[in-house]
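No lab work stands behind these numbers, since they all come straight from the coordinates. Quick caveat, the model's predicted, so the values are computed rather than measured. Glycine gets a Cβ as well: all are built from the backbone with ideal geometry, and neighbour counts include every protein chain shown.
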Amino acid sequence: MKKHEVKDIIVSIDKNLAAEPSVAEKDNITEAIEVLLNNNLKQIAVTRKDAVIGMIRLEDALKAIGLEGDLKSKGTRIVVVHGRKIVIKGINDKDSY
């Protein structure tokens, strides 16, 4: 199975995006999703050698691993991707991701 890395889904950075928390461009997408969800974020800065080079969006990260519809579904879903458990709350949940 192909290893999905953050660098595969980097987009131009939103100038209002905070530099922390961040993920490295070579981090696994599942690690980035975990950081996004743990911090209740929809997007996060991507760094290379301590410099911000872009950002990724939660929606793009989920799409890259085949879970693009999960944010729009009702209820909470737990999935395991590359051995990592990811808990995804749908937008209709009280405390959406």
Taking the stated definitions as given, is VAL46 of a type in the set (A, V, I, L, M), surrounded by fewer than 17 Cβ atoms within 10 Å (Cβ to Cβ), in contact (Cβ under 8 Å) with a residue 40 or more places away in the chain and under 14 Å from ALA64 (Cβ atoms)? no
Just give me the residues in region 14-40 being crowded, with 16+ Cβ neighbours inside 10 Å and in a loop (DSSP other than H, G, I, E, B), in sequence order. GLU25, ASP27
